[in-house]
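Down below is the structure, laid out as C-alpha cells.
The values are calculated or read from the model by the stated rules, or taken from the named source; none is laboratory data. Note that the coordinates shown come from a computational prediction; the quantities given were computed from them, not determined experimentally. Backbone-built Cβ (ideal geometry, glycine too); neighbour counts: all protein chains shown.
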C-alpha cells in the first residue's frame with residue numbers, strides 16, 4: 001500500500017521523454033505557469049459605468065486561485081454508493097488481521113485510520129517484522145488518485161487491496177485460495193459476504209474481498225478548511241494560510257499539486273531540475289520504460305502535516321525540510337525560511353476531519369473450528 005508524500009516534482013508534459021528532461025525544457029513550462037498564476041493584463045474598460053458591487057456579486061466571485069483546485073467530494077464512489085452491507089464488510093476486512101499469515105497484520109496496521117491513515121514510520125513492519133523499501137501513504141482520500149502505490153501499479157483502490165495480502169514482506173498469505181479458505185472458515189464472514197453480494201453463488205471470493213475493502217476506502221474523505229474556502233467562505237483560511245496559498249501558487253507548486261487531492265493526479269520525476277539520489281527506479285519497474293526511471297506518483301497534500309515522514313522512502317522527517325528539498329530538486333529554487341513557513345502554513349489548511357463514526361473498529365467475527373492457526377514461519 002504505497003504512494004508519495006510531499007510536494008512533488010513539477011509537471012510532466014508528455015508520456016515519453018527526450019534529451020532535455022522528461023518531455024522537453026522545464027523552464028518555459030514554469031514561466032508559463034507563473035504567468036497563468038499571476039494573470040494577464042485586463043482589456044480596456046468599456047465606456048459605461050460598472051454597476052456597484054453588491055453582497056451577491058461578491059459571493060459569486062471565485063475564491064483566489066480556485067481554478068487550480070476543487071473541493072473534496074462527499075465520497076469517492078464512481079457511481080451510486082454501495083449498500084451498507086458492502087461497506088460494513090469492507091470495514092471489517094480493513095481491520096482483519098487474519099488476512100495475514102501470522103494473524104498479526106491488517107490494513108490498519110500500516111494505515112491507521114485514527115492517525116490520519118499512516119503509522120508515522122519511514123517504512124512499515126510486516127510479516128516477521130520485515131520492512132519494505134517504500135513509505136506507507138495515507139489511505140484517506142486515496143481513491144481520488146490517478147492510480148495506487150508509489151509506482152501506480154494498481155489502477156484503483158480495489159486492485160490495490162489485493163496486493164499487500166499476498167506480499168511476502170507484508171501480510172504474506174500464500175495465494176488467493178488460502179485467503180478465501182480463511183474467510184470461508186469463519187461463519188460470520190460467510191454470512192457477511194452473503195449479505196453484501198446476494199445472489200452470487202460464490203459470494204466469498206478474493207475479488208469480492210477487494211471490492212468490499214475498496215468500497216469502504218472510498219468513504220475515507222477528510223473535508224478541511226480549504227474546502228470551505230473553495231466553497232466560497234473567504235474567512236475559512238487564516239491570514240497566514242491565505243498568504244501561504246499565494247506563495248504556493250507563485251512558487252510553482254501547482255504545476256503538479258492541483259485538483260481535489262492537491263496532488264495525486266499524475267506521475268513526475270523525482271529530481272527533475274536537480275538530481276535526487278535514490279536507488280529506487282520508480283515507475284520504470286512497472287512499465288519497463290527507461291524514460292520512467294525515478295518517476296513516482298505525485299502525492300496528494302491532503303493532511304500532509306499529519307502524515308510524515310515524507311518522500312517515497314520516508315527519509316525526510318519534517319515538513320519544512322520536505323518543502324525545502326522539493327524547492328531545490330523539483331523547482332530549482334532555494335526557498336527562504338519565510339517562503340517555507342508560508343507554504344507550510346497553507347498546507348495546514350489541508351488538514352481535515354477524520355470521520356470518527358465511519359472508521360470505528362467493528363467487532364470481528366469469531367474464528368470457526370476449521371480456521372487456520374496463525375503461522376509465524
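Figures for the structure shown
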read-out: Residue in region 254-263 that is surrounded by 16 or more Cβ atoms within 10 Å (Cβ to Cβ), more than 27 Å from residue 336 (Cα to Cα) and at pLDDT 95 or above present; value: yes
read-out: Number of the condition not met by residue 290 [criteria: (1) in contact with a strand residue (DSSP E or B) (Cβ under 7 Å, 6 or more places away or on another chain); (2) surrounded by fewer than 24 Cβ atoms within 10 Å (Cβ to Cβ)]; value: (1)
read-out: Failed item, numbered, when residue 322 is tested on (1) buried (at least 20 other Cβ atoms within 10 Å of the Cβ); (2) over 17 Å from the mean Cα position of the chain (by Cα); (3) in a helix (DSSP H, G or I); value: (2)
read-out: Any chance residue 197 is over 23 Å from residue 376 (Cα atoms), in contact with a strand residue (DSSP E or B) (Cβ under 8 Å, 6 or more places away or on another chain) and in contact (Cβ under 8 Å) with a residue 60 or more places away in the chain; value: no
read-out: Failed condition for residue 235, given (1) out of contact with any helix residue (DSSP H, G or I) (no Cβ under 9 Å at 6 or more places or on another chain); (2) over 25 Å from residue 334 (Cα atoms); (3) without any contact (Cβ under 8 Å) to a residue 24 or more places away in the chain; value: (1)
read-out: All positions within region 206-231 that are in a loop (DSSP other than H, G, I, E, B) and surrounded by fewer than 19 Cβ atoms within 10 Å (Cβ to Cβ); value: 223, 231
read-out: Out of 244, 263, sole residue that is under 20 Å from residue 316 (Cβ atoms) and either under 19 Å from the mean Cα position of the chain (by Cα) or part of a strand (DSSP E or B) (or both); value: 263
read-out: Conditions (1) crowded, with 22+ Cβ neighbours inside 10 Å; (2) under 18 Å from residue 95 (Cα atoms); number of the one not met by residue 167; value: (1)
read-out: Filter result (in a loop (DSSP other than H, G, I, E, B) and over 18 Å from the mean Cα position of the chain (by Cα)) within region 345-366; value: 360, 361, 362, 363, 364, 365, 366
read-out: Cross-chain or 6+ apart pairs with Cβ under 6 Å, region 281-294 first and outside the structural domain of residue 150 (by TED's automatic domain parsing) and at pLDDT 95 or above, then loosely packed, with under 14 Cβ neighbours inside 10 Å and not in a helix (DSSP H, G or I); value: 291/16
read-out: Residue satisfying condition, being free of Cβ contacts under 8 Å to residues at least 40 places away in the same chain, within 27 Å of residue 377 (Cβ to Cβ) and either in a loop (DSSP other than H, G, I, E, B) or assigned by TED's automatic domain parsing to the domain that holds residue 112 (or both), within set 180, 190, 165; value: 180
read-out: Filter result for residue 322 (in the same structural domain as residue 307 (by TED's automatic domain parsing) and touching a strand residue (DSSP E or B) at 6+ places or on another chain (Cβ under 6 Å)); value: yes
read-out: Answer from 341, 308 - the residue that is at pLDDT 95 or above and assigned to a loop (DSSP other than H, G, I, E, B); value: 308
